[in-house]
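The values are calculated or read from the model by the stated rules, or taken from the named source; none is laboratory data. Please read these numbers as outputs of a predicted model, since none were measured by experiment. Cβ placement follows ideal geometry from the backbone for every residue including glycine, while neighbour counts extend to all protein chains displayed.
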Amino acid sequence: MSMNERESQLSAMYDGELPTAERELVARRLSRDAAMRETWGNYALIGAVMRGETLASGVAPRVAASIARLETAAQLEREPADMPAAAAERTPRLPRWAVPASGFGLAAGVAVVGVFAVLWLGSQPPTPVTGASVAGAAMVPIAKSRVAEVVIPAAPESTVTPDEMLLAAAEGPAPRATSSNGEPLSYVTPPVEQARTPAGPQPFNLASYVGAHSAVSAPMMRHSAISATIAVESAAVQPEAETVR
Amino acid sequence: MSADDSDLSLVQLAQRGDSGAFDALVRRYQHKVVKLVMRYVRDAAEAEDIAQEAFIKAYRALPRFRGDSAFYTWLYRIAINTAKNTLAARGRSPIEYDLDGPDGEESHEMQARMKDTATPEALALTEEIRNTVTAAIDRLPGDLRTAIQLRELEGLSYEEIAARMQCPVGTVRSRIFRAREAIDARLREVFDGGLGRGEVIG
């Protein structure tokens with residue numbers, strides 16, 4: 001069918017002079033073809049001008065825009081109703097028992113990170129200001145002051161049971177126990193005083209002082225630095241109390 | 001066969017959610033509906049707003065349209081109710097107008113009011129459209145011009161026009177189509193397909 005024939009059909013359709021069978025076809029074509037509707041609209045305009053009627057071609061675009069907005073709003077209204085089920089399918093769900101466990105795990109994770117952060121902040125050496133010798137000296141005493149109270153259990157072949165070890169610890173200092181092969185039952189790091197670098201400044205004390213008195217240091221860091229300083233000073237005064245076993 | 005049958009085909013499509021079909025109905029009746037609403041309000045822009053609202057109401061109520069009456073009769077009632085309700089909501093009463101007066105007088109008075117309330121740009125555009133269409137009709141061959149005048153001004157069917165012009169119905173159909181085609185081509189030439197996108201009233 002030629003373009004001319006189609007438009008001839010459209011003109012007859014406009015006048016209601018098209019056979020029923022063709023009418024359905026042209027109506028469908030008209031509903032899908034915007035250019036065809038433009039022509040259709042011009043037919044209405046021509047008639048209105050000829051009859052001296054009002055011209056109001058601006059109404060159709062506004063109505064079309066309003067209907068488009070209505071359809072979009074209706075679509076959006078339908079979507080939330082479908083959302084919960086779809087979202088539930090997409091979201092992986094934890095078993096009921098795992099919910100408190102996951103909360104506990106999260107809290108424990110945060111606590112561990114916090115403890116390590118405090119330890120790290122408290123053990124940070126000060127920025128070297130007097131050269132490499134000072135910076136090198138800073139690391140050793142800090143590390144040893146931390147491990148001075150750590151007791152490492154002896155080898156498994158020990159004849160002493162853990163209960164006996166606990167009992168011995170409760171009874172206070174005792175002669176150093178040894179296993180049958182001569183290995184000590186526990187290892188104790190040397191006293192802090194022995195490990196200290198004899199010469200140079202006391203970097204840990206310096207760091208603690210800065211940490212405790214700095215206006216910009218966090219309260220947690222201040223507290224940690226003060227506690228560490230007290231501990232080290234106590235150890236320096238009574239070095240003999242460090243050795244437990 | 002009548003225009004109502006064509007409307008019904010489009011209405012049935014629109015009832016199935018085809019917005020293009022409803023757009024065709026709006027394009028067909030927008031001028032008539034604004035003219036109708038102008039019986040109740042003075043302002044041209046307000047008449048367009050009410051006409052727009054009436055079409056939206058019709059679109060929403062379309063699923064309940066059973067085709068007992070013609071689509072335009074149904075739309076006509078919606079437009080009148082919308083105009084009355086709008087005025088009532090604003091605490092205004094419809095303007096005094098003789099609804100039973102002849103169409104010619106009604107059209108003359110309404111057009112005078114429209115000229116008072118439309119913007120200068122809208123009036124200029126409307127005037128240009130009228131001049132273009134009128135000039136295109138004047139340039140039509142006599143048999144085409146007569147055919148389209150009998151159809152648009154006197155509302156005759158193709159069969160009645162064929163009897164009047166003493167030619168086959170198929171010839172009438174062809175003449176009316178060729179007349180419209182020529183005028184439509186002239187409108188597109190002058191307005192570059194821009195009709196229907198702006199505010200046109202008057």
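Just one of (1) in a helix (DSSP H, G or I); (2) within 8 Å of chain B (Cβ to nearest Cβ); (3) within 17 Å of residue B:188 (Cα to Cα) fails for residue A:66. It is (3).
Considering every residue within the stretch B:47-55, establish whether at least one is farther than 17 Å from residue A:34 by Cα and in contact (Cβ under 8 Å) with a residue 60 or more places away in the chain. Spell out how you get there, then give the answer.
Taking the stretch B:47-55 as the starting set, the residues that turn out to be farther than 17 Å from residue A:34 by Cα are B:47-55.
From what's left, in contact (Cβ under 8 Å) with a residue 60 or more places away in the chain: B:47-48.
Looking for residues that are farther than 17 Å from residue A:34 by Cα and in contact (Cβ under 8 Å) with a residue 60 or more places away in the chain, one finds at least one in the stretch B:47-55, hence yes.
So which residues in the stretch B:5-21 are under 15 Å from residue A:26 (Cα atoms), at the interface with another protein chain (Cβ under 7 Å from one of its Cβ atoms) and assigned to a helix (DSSP H, G or I)?
Within the stretch B:5-21, the first condition is being under 15 Å from residue A:26 (Cα atoms), and the residues that meet it are B:5-14, B:18, B:20-21.
Subsequent filtering for residues that are at the interface with another protein chain (Cβ under 7 Å from one of its Cβ atoms) retains B:5-6, B:9-10, B:13, B:18, B:20-21.
Once the filter is applied, which keeps residues that are under 15 Å from residue A:26 (Cα atoms), at the interface with another protein chain (Cβ under 7 Å from one of its Cβ atoms) and assigned to a helix (DSSP H, G or I), the stretch B:5-21 yields B:5, B:6, B:9, B:10, B:13, B:20, B:21.
Right, residue A:27: assigned to a helix (DSSP H, G or I) and at pLDDT 95 or above or not? Yes: the conditions hold for residue A:27.
Residue by residue, here is whether (1) crowded, with 19+ Cβ neighbours inside 10 Å; (2) among the small types (Gly, Ala, Ser); (3) facing another protein chain (nearest Cβ under 7 Å) holds:
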{"position": "A:8", "(1), (2), (3)": "yes, yes, yes"}
{"position": "A:13", "(1), (2), (3)": "yes, no, yes"}
{"position": "A:17", "(1), (2), (3)": "yes, no, yes"}
{"position": "A:23", "(1), (2), (3)": "yes, no, yes"}
{"position": "A:26", "(1), (2), (3)": "yes, no, no"}
{"position": "A:30", "(1), (2), (3)": "yes, no, yes"}
{"position": "A:43", "(1), (2), (3)": "yes, no, yes"}
{"position": "A:49", "(1), (2), (3)": "yes, no, yes"}
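Could you tell me whether the stretch B:58-70 includes any residue that is within 19 Å of residue A:59 (Cα to Cα), within 10 Å of chain A (Cβ to nearest Cβ) and not basic (Lys, Arg)? Talk me through it step by step, then tell me what you get.
Here is the first cut: in the stretch B:58-70, the residues within 19 Å of residue A:59 (Cα to Cα) are B:58-62.
Cutting the leftovers down to within 10 Å of chain A (Cβ to nearest Cβ) gives us B:58-60.
Those still in the list that are not basic (Lys, Arg) too: B:58-59.
Yes - at least one qualifying residue is present in the stretch B:58-70.
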